[in-house]
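Before any comments, here is the structure.
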Amino acid sequence: MGLVGTGSFALAAYLHCAGYPVAHGSYRVGFTDRTADCGECISNNLDDARSRLKPRGALDGCGTYEAYTQIGYFAGAGGAGAAGVPPGLHLPQSHLLEEIVSSLPEATFVVTLRSSAADWVAGIVADAGMREAFARADLRGMPAGAGSEEDLVGFYERHLAAVRAAVGDGLIEIKTDGPEWAVGPILSDAFGIHPVCWGYSVKHQRAPDPPPPPHVFSIGSDGMQYPIDRPSTALKLQTPIISLGLPLAGSANLFNFFHCGGVGASHYRCSGRFPQNYGRFLCGDCVRHNVAAGRPMFSSCGPFSAWTQLGSPLGADGDADAAVYLPQVQALQHIHREHPFATFVLTIRDPDAWAADVARHP
């Protein structure tokens, strides 16, 4: 619900980094190469609903995306756009705010902000084309012809107040011009996505490696916490590192390898957010609950760079009907979809020797 010029593209890159399908400004129409404006699609849907021509939701037919990070748009300058939309700047997040919120009761609403209204105005004023677009537009609370810096400050502040009132306590507010080291953890708490994704560049098609945390440790299959008291190895590959090998396929050696190199790793057991929970639950159980709840798969599972065994051969929370849960098998497509830039490792053994070891374990 952020205005144009508030850093919404950074939000798009953040969610894209985590594997979410994102539409920023435009969406792909069906299975064609043609694109259209998200905001115009939303406006047309709500116009139809308002006139009772069709009972449509705000996002019906606007693409199959999980995030819409900017719905403001510019209609063509050559004349009226579709459905008689006049040319120029249109901000459905402003003039259709309450209708959008009402139409999408289960949605998560985010508003991107600058540190202050004056900071946002400075960016608009610095772009002559953008300032003219705002001056010409007939916006909610700022009619065409207005557009002084004072007008823009007032418009920004009224929009933010209106969004807060319409959405309520569930609104997520992001000051996109804050320092990356500060904004990333705030977003991580809100979305459960690794802070490294904040500042990610879509152009590079790769998220940078996160800085080493202040306290790096590993947790082994015995549930014990093993501190890392040596400098972390500079990894050449993208994190997270996810082992897709089956239990008893040598993942313990992989765990020891990364831990020895100063890389925080987990093996079967995870840590959660609080020290009292370190090693008390299985990584596979954590992943299973997150996937079932629609959360990011490693949310609250621990701050590890390497996940060397995700299987839960001991059962999920003692549920006899889930005696074995193997995310690397049962949620393989989900893992790859959520972490397309991860480094994947497959530990393997001779099949007959592996099967014999499995048979010897109760």
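Here are the numbers for this structure:
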{"item": "Cβ-Cβ FRET estimate between residue 29 and residue 164, R0 fixed at 30 Å, reported to 0.05", "result": "0.35"}
{"item": "Whole-Hz couplings from phi, Karplus 6.51/-1.76/1.60, listed for region 346-352; x for Gly and Pro", "result": "10, 8, 9, 9, 4, x, 5"}
{"item": "Nonlocal amide H pairs with residue 70, under 5 Å, H built at 1.01 Å", "result": "25"}
{"item": "Highest average packing first - 96-103, 41-48, Cβ atoms within 10 Å", "result": "41-48, 96-103"}
{"item": "Note, ³J(HN,Hα) from phi for region 146-151, Karplus 6.51, -1.76, 1.60, rounded to Hz, x at Gly and Pro", "result": "7, x, 5, 4, 5, 4"}
{"item": "Relative packing of peptides 137-150, 15-28 - highest average C-beta neighbours within 10 Å first", "result": "15-28, 137-150"}
{"item": "From phi via Karplus (6.51, -1.76, 1.60), per-residue ³J(HN,Hα) for region 162-170 in Hz, x at Gly/Pro", "result": "5, 5, 4, 5, 6, 8, x, 5, x"}
{"item": "Probe 1.4 Å, all protein chains present, accessible-area order of 181, 354, largest first", "result": "181, 354"}
{"item": "Residues with amide H under 5 Å from that of residue 281, placed H, sequence gap 5 or more", "result": "270"}
{"item": "Theoretical gain in end-to-end length, residue 353 to residue 334 [0.36 nm per residue, Cα-Cα removed]", "result": "3.9 nm"}
{"item": "Added length on full extension, which subtracts the Cα-Cα distance from 0.36 nm per residue, residue 116 to residue 60", "result": "16.8 nm"}
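The values are calculated or read from the model by the stated rules, or taken from the named source; none is laboratory data. All of these numbers come straight from a predicted model, not from anything done at the bench. With ideal geometry, Cβ positions are generated from the backbone for all residues, glycine too; neighbour counts draw on all protein chains shown. These accessible areas exclude ligands, DNA and RNA; they are computed on the full protein's heavy atoms, side chains included. Shrake-Rupley method; radii C 1.70, N 1.55, O 1.52, S 1.80 Å.
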